[in-house]
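S.K.: Can you keep this structure in mind? I'll have questions shortly.
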């Protein structure tokens with residue numbers, strides 16, 4: 001069996017990549033990303049298998065094959081292993097996406113202020129016959145958040161190398177990202193019943209996007225008045241400000 005790890009190309013957390021920075025003006029130096037609080041770091045990674053059968057092994061019932069934790073460096077063993085597990089989505093026959101949304105629980109107990117560390121991921125178990133490991137670029141615990149910012153990013157569609165939707169949930173109970181599209185023609189207002197099945201897919205506060213054909217015949221994302229009749233909603237109500245033709249996306 002053969003497995004490989006990869007990260008979205010625009011992710012701050014990169015797996016098995018050197019932290020060395022090459023500069024035109026200075027000598028090569030190392031840069032560690034600052035971490036102040038436990039919930040400063042969320043990330044995604046993908047494991048690619050050599051065959052569909054190997055990828056099937058990653059879809060074990062309890063996600064027992066994956067361990068995420070912290071280590072002092074890539075060559076070190078875990079200094080802490082997290083009990084939490086990443087959410088899994090099957091991207092393709094050969095790939096499984098992992099979303100880590102638990103931060104770094106307990107990292108302040110094992111990493112002193114000023115110390116550097118890496119996130120370490122281990123794939124092991126009888127089903128994969130051997131142990132595979134990946135580690136992140138360098139991180140450093142800081143004692144103050146002065147002059148720092150936490151950058152959060154997201155999208156309603158897959159974009160910029162990140163996967164948000166259009167993946168099959170491996171674990172029971174995961175959110176279904178498949179959107180619903182509704183077309184409308186020459187309508188100034190529109191009311192859509194929010195059914196129980198839609199509520200089960202999109203929750204009590206669905207995301208709504210509206211595209212309207214402009215004078216050039218192109219679909220343009222528009223800000224229109226959107227309202228719920230109550231909470232949780234039973235109806236989705238739209239006011240286009242005049243007769244319009246276009247598409248509504250519910251996700």
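S.K.: Which members of region 107-142 meet the condition of being touching a residue at least 24 places away in the same chain (Cβ under 8 Å), within 21 Å of the chain's Cα centre (by Cα) and part of a strand (DSSP E or B)?
M.R.: Across region 107-142, the qualifying residues are 118, 119, 120, 121, 122, 123, 134, 135, 136, 139.
S.K.: Mind listing just one residue for me: the one in region 57-75 that is in contact with a strand residue (DSSP E or B) (Cβ under 8 Å, 6 or more places away or on another chain) and outside any strand (DSSP E or B) and, of those, surrounded by the fewest Cβ atoms within 10 Å (Cβ to Cβ)?
M.R.: First pass over region 57-75, keeping only residues in contact with a strand residue (DSSP E or B) (Cβ under 8 Å, 6 or more places away or on another chain): 57-59, 63, 65-74.
Next, from what is left, pick out any that are outside any strand (DSSP E or B): 57-59, 63, 65, 72-74.
On the way: 57: 19, 58: 22, 59: 14, 63: 16, 65: 20, 72: 16, 73: 11, 74: 16.
Residue satisfying both the conditions and the ranking: 73.
S.K.: How many residues does region 202-218 hold that are surrounded by 11 or more Cβ atoms within 10 Å (Cβ to Cβ) and on the phi > 0 side of the Ramachandran plot? Give the steps one after another, and end with the answer.
M.R.: The first filter runs over region 202-218 and keeps only residues surrounded by 11 or more Cβ atoms within 10 Å (Cβ to Cβ), leaving 202-203, 206-214.
Right, trim to on the phi > 0 side of the Ramachandran plot and you get 203.
Final tally of qualifying residues: 1.
S.K.: Suppose we keep only residues that are touching a strand residue (DSSP E or B) at 6+ places or on another chain (Cβ under 6 Å), assigned to a loop (DSSP other than H, G, I, E, B) and over 13 Å from residue 137 (Cα atoms) within region 1-41. Which one would you say is modelled with the highest pLDDT?
M.R.: 8
S.K.: Return only the number of the condition from (1) modelled with pLDDT under 95; (2) assigned to a loop (DSSP other than H, G, I, E, B); (3) under 20 Å from the mean Cα position of the chain (by Cα); (4) surrounded by 17 or more Cβ atoms within 10 Å (Cβ to Cβ) that residue 104 does not satisfy.
M.R.: In the conditions (1) modelled with pLDDT under 95; (2) assigned to a loop (DSSP other than H, G, I, E, B); (3) under 20 Å from the mean Cα position of the chain (by Cα); (4) surrounded by 17 or more Cβ atoms within 10 Å (Cβ to Cβ), residue 104 misses (1) alone.
S.K.: When the residues of region 76-91 are filtered to those that are part of a loop (DSSP other than H, G, I, E, B) and in contact with a strand residue (DSSP E or B) (Cβ under 9 Å, 6 or more places away or on another chain), which remaining residue is farthest from residue 30 (Cα to Cα)?
M.R.: Our first condition is that a residue be part of a loop (DSSP other than H, G, I, E, B); within region 76-91, this holds for 76-77, 82-86, 91.
With the extra rule that they be in contact with a strand residue (DSSP E or B) (Cβ under 9 Å, 6 or more places away or on another chain), the set shrinks to 76-77, 82, 84-86, 91.
Values: 76: 18, 77: 21, 82: 27, 84: 30, 85: 30, 86: 28, 91: 33 Å.
Checked region 76-91; the qualifying residue farthest from residue 30 (Cα to Cα) is 91.
The values are calculated or read from the model by the stated rules, or taken from the named source; none is laboratory data. Everything numeric here is computed off the predicted structure, so don't read it as measured data. Note: ideal-geometry Cβ built from the backbone for every residue, glycine included; neighbour counts use all protein chains shown.
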